[in-house]
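The values are calculated or read from the model by the stated rules, or taken from the named source; none is laboratory data. Keep in mind it's a predicted model, so treat the numbers as computed, not measured. In this analysis, Cβ positions are derived from the backbone assuming ideal geometry, glycine residues included, and neighbour counts consider all displayed protein chains. In case anyone asks, the SASA skips ligands and DNA or RNA and just uses the protein heavy atoms, side chains included. Shrake-Rupley method; radii C 1.70, N 1.55, O 1.52, S 1.80 Å.
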Amino acid sequence: MADNTEKIESFRALALQVKCHAVNLAGDREATRQLMLNSIHRLEQQIAASIAFIGFDCRLIVLPEYFLTGFPMGESLAVWGEKACLEMAGAEYEALGKIAQKHHIFLAGNAYELDPNFPGLYFQTSFVIDPSGSIILRYRRLNSLFTPTPHDVWDKYLDCYGLEGVFPVAKTAIGNLAAIASEEILYPEVARCLAMRGAEIFLHSTSEVYDNTFTPKDAAKISRAVENMAYVISSNTAGISNIPIPIASADGGSKIIDYRGKVLAQTTTGESMTAFAEIDLAALRRDRRRPGLNNLPSRQRFELYAQSYSQSHFYPANTMLKSEVDRKHFIETQQKTIERLATLGII
């Protein structure tokens, strides 16, 4: 993707922690669409007020995972696709684009999305909208326990989008942006492949358990920042309403981490705009170009690992290419993978 003409070396970013109003109990598609648009209307007000408080140099806002819908709770792929998934050029994206235009911001988030190239399926998609209102990045989650991924239709997906479409990086006026979805922060290969393509800022939309302990995901966020010398902007939900799970189970801890692994800002629970901080691209780039022990990207020797990766086969690709599947497919495939790896003495 081409560089924007304007260059901004320092700006503020916000991990906006908002409540997710789930659509699982909505009666039909029309009711669901109205709930989504209501959420977008609330977001517009929250974004406007947040920018007024933080300052108009707030140029990047990251929203939580599936902030418009919540997640499927037993719905079949077909039902969830009809009820809760966005069209690639749908009204919801258009409404979000108008917010980005109005406030001159880059707006990042995460949603379930249909793709006409893959009828009967949907993908969990992290997106970035630029200040013109255009979607400049679509990243489809690659590791998921209960949602179709590009890896499940790998050969066809590569034919459609190529490897750069699997690991997209948007080169923008505010740096090179890349998205990491939810628990994929635990997969170092995802961030690494994005960093190989120049990513400077990881946009992490998540909906995860938050408490007063240091969780594996907390450790992973710092690790992804340090090992790739990149900022991590992690936006969590402020609870999920309208589902049986207690509302505050995924509530709090949105944060911004710099390329040295320092937590610059973090919020606790509830809807909040307090997780904001300065993103200093000039400093990041100076450090990336400075020789020394801490410059880990420049010291990578990928040839050491390539053969081990190419010879290892764990979770299989292309398991959803040929036939319709139900949700049992995911856990059954994982169980077979575990059994095979155990037989080989790997786990």
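Straight-line reach from residue 156: taking Cα to Cα under 18 Å and skipping same-chain neighbours fewer than 8 places apart, the lysines in range are 322. The residues of region 232-347 expose, per residue, 62 Å² of accessible area to a 1.4 Å probe. Peptides 308-317, 88-97 ordered by packing proxy, namely the average of other Cβ atoms within 10 Å per residue, highest first: 88-97, 308-317. Size descriptors for region 111-170 (Cα atoms only): Rg and Dmax, in that order, 11.6, 35 Å.
Looking at the chain, I'd like the Rg to Rh ratio, where Rg is from alpha-carbon atoms and Rh is Kirkwood's inverse mean 1/r. If you can, show how the numbers build up before the last one.
Values: Rg = 19.7 Å, Rh = 20.7 Å.
Rounded to two decimals, Rg/Rh equals 0.95.
Directionally averaged projected area (region 121-278, Cα convex hull): 10.1 nm². With the simple spin-label model, which puts each label point 7 Å out from Cα in the Cβ direction, the residue 346 to residue 196 separation comes to 1.8 nm.
With θ taken as phi - 60° and the Karplus curve 6.51 cos²θ - 1.76 cosθ + 1.60 applied, the whole-hertz 3J(HN,Hα) list for region 206-214 is 9, 9, 9, 4, 10, 8, 8, 9, 8 Hz, x standing for glycine and proline. Accessible surface of residue 247, taken over heavy atoms with a 1.4 Å probe and every protein chain present, rounds to 80 Å². Centre-to-centre, using Cα atoms only, region 88-167 and region 10-55 are separated by 18 Å. Distance from the Cα centroid of region 247-318 to that of region 196-246 is 9 Å (rounded to whole angstrom). Across the alpha-carbon set of region 86-196, the Rg to Rh ratio works out to 0.96, Rh being the Kirkwood radius. Taking region 293-347, how much of its Cα-Cα pair set, in percent, is spaced more than 12 angstrom apart? Summing the P(r) of region 293-347 above 12 Å gives 76 percent of all pairs. In the complete set of protein chains, residue-level accessible area for residue 193 is approximately 30 Å², probe 1.4 angstrom.
Which net charge results when you count Lys and Arg as +1 and Asp and Glu as -1 among the other residues whose beta-carbon is under 9 Å from that of residue 202? Let's see the in-between values first.
On the way: positive: 221, 224; negative: 200.
Result for the neighbourhood of residue 202: +1.
A Gaussian network model of the chain, with springs between Cα atoms under 10 Å, assigns the largest mean-square fluctuation among 161, 122, 139 to 161.
Across every pair of non-identical alpha carbons in region 1-141, the mean reciprocal distance, once inverted, gives a Kirkwood radius of 15.7 Å.
In summary, the convex hull built on the alpha carbon positions of region 1-62 has an orientation-averaged projected area of 6.3 nm². Per-residue SASA remark: residue 196, around 100 Å² accessible (1.4 Å probe; ligands, DNA and RNA not included).
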